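Data block below; observations after.
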Amino acid sequence: MSNTPKHTGKASPEQVTYANMLFYGCWGGLALMLVTYLVYVTGILTPHVPLDRIPQLWSQPVGVYLKEGNVPHGWGWVALVGQGDFLNFIGIVLLAGMTILCYIPLIPAYLKRGEKIFAALALAEILVLLVAASGIVGGGAH
Amino acid sequence: MKMDRLSLPAKIALFVLSGVLLFAVAAFASGAATEGGAAANATAEVAQAAAQLGGQPGVAWWVWPVVLLFFCFILGIIAVLAGVGGGVLYVPLVSGFFPFHLDFVRGAGLMVALAGALAAGPGLLKRNFASLRLALPVALIASSCAIVGAFLGMALPTNVVQLCLGGTIMFIAILLLTSKNTAHPVVTKQDAVGLALGMNGAYNDPSTGELVEWKTHRTLPGLLMFIIIGVMAGMFGLGAGWANVPVLNLMMGAPLKVAVGTSKFLLSITDTSAAWVYLNKGCVIPLMAIPSIVGLMLGSFVGVRLLAKAKPTFIRYMVIGVLLFAGGKALMKGLGM
């Protein structure tokens, strides 16, 4: 049974919290991505895969790109974060991780209101996204 | 320079001119001979440049990111004016006209759709056009299935995925042509599932100043539809606004503004799960993904400003035409033609 309060047309407090977290995380991630990209293409940090090699690889299946470019999959990029191309993954991962972070405050907020179903839904979503992010499911690319 | 101060023809001329200039730069860098005659619009110019450069191994590395940035900028404008997500245009067009393998196009397509959805999310949530109560159950189903779709897309042979992509894109074009969304669907009685999940809410409509209350019906069949939507989003890297909105609006009875807002917000969750799969598989190449994201987001901002003056109906039909063309091209690629 739902404990939904009478509607006023205003967003619920947990929805506003989610929105605020998303706003700062998203724009922060995009700004970071832009900065790291400039560092990358201007050659301030040497890339792992040389820039002029990439156009020869991006028309091939991902398996060829990983093999020929000696590119790690999964979280292997973390070890190479000091190199121009992999530096970009900080911003990309921040964008891809924002939803997980934004979901966390939903659990105590729903539990406080006695909405156990929604707290469970939020927890399940975090677990699904963490499984996807972990890279523990699935084999290699073709 | 403020875009508002320019007339619409001047803006269009500016885009066309920029397209021609970029095409010239791309052709110069590749050493390819350019043919005379101006193309009808900037998108066609860039696509033509892309097609011409496709088989040129000696192209400088910076050419493609620059072409992609400009292409996605225009795509962002068109997507906003046509009322579709960027991903649904990005994947078929970039895979059709650029030399990137479909694996990387889908990876970048998901990042493009994800970035757009994340940026739109805060405003939609605060205005209550996106509802967490509606989104949470739907998102759990769609994002779980998007992971399955992503793996399916990675496991199947590229030509099979191309074929399915072509068929899906053509289906989307027909859906855009025929679907008639309803601003305020009549929901006389909320069903048991919708009631149990508290899938209802209200928003203040700024155009009328009224408080619009809503509730869902046919909730279970609607939720089941998100299994298919999630799989397709993950498999093709398309985003899935084109499917979310009709299901939320026509099937489940959410008002159009809530359906559109919640759909956009939903993409930020659904695409996150699929994006992680593509990221972990190495399908995101920053050199091409980041100009795509930045170009599309900048284009979306300009598109929103142009929205007041442009003729969305014409652009919508143009996009439907482009999708049919791109879908046909993907089908032909899948068939090895």
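Rule-based calculations on the coordinates, nothing more; no lab input. Remember, it's a predicted structure, so these values are computed and weren't measured experimentally. Reconstructed Cβ throughout: ideal geometry from the backbone, glycine too, with neighbour counts over all protein chains shown.
Details
- Residues A:Arg53 and A:His7, FRET efficiency given R0 of 45 Å [Cβ-Cβ distance, rounded to 0.05]: 0.20
- Under the Karplus curve 6.51 cos²θ - 1.76 cosθ + 1.60, θ = phi - 60°, whole-Hz ³J(HN,Hα) for segment B:232-241, x wherever Gly or Pro sits: 5, 4, x, 5, 9, x, 8, x, 8, x
- Alpha carbon centroid spacing (whole Å) that separates segment B:218-291 from segment B:123-200: 6 Å
- Filter on A:Lys116/B:Lys126; B:Lys189/B:Lys264; B:Lys281/B:Lys309; B:Lys126/B:Lys333; A:Lys6/B:Lys309; A:Lys116/B:Lys215 - keep pairs with C-alpha separation over 32 Å: B:Lys281/B:Lys309; B:Lys126/B:Lys333; A:Lys6/B:Lys309
- Size of charge dipole - segment B:166-236 - debye, nearest 20, with Cβ of Lys, Arg +1 and Asp, Glu -1, no other charges: 220 debye
- Projected label points at B:Ser207 and A:Leu34, each 7 Å from Cα along the beta carbon direction, are separated by 3.2 nanometres.
- Karplus-derived 3J(HN,Hα) values for segment B:116-122, using 6.51 cos²θ - 1.76 cosθ + 1.60 with θ = phi - 60°, are x, 5, 5, 5, 7, x, x Hz; glycine and proline are entered as x.
- Counting Cβ atoms of other protein chains within 10 Å of each Cβ in A:121-128 and taking the mean gives 5.
- Karplus (6.51, -1.76, 1.60) ³J(HN,Hα), θ = phi - 60°, over segment B:253-269, in Hz, Gly and Pro reported as x: x, 6, x, 4, 5, 5, 5, 5, x, 5, 4, 4, 5, 4, 4, 5, 8
- For A:63-70, mean number of other protein chain Cβ atoms within 10 Å: 2
- Loop-located trypsin sites (Lys or Arg not before Pro) across segment A:2-96 with a Cβ neighbour count of 16 or fewer within 10 Å are A:Lys6, A:Lys10, A:Arg53, with loop assigned by DSSP.
- Here the dipole of segment A:1-133 is about 500 debye; that uses its Cα centre as origin and unit charges on the Cβ of Lys and Arg (positive) and Asp and Glu (negative).
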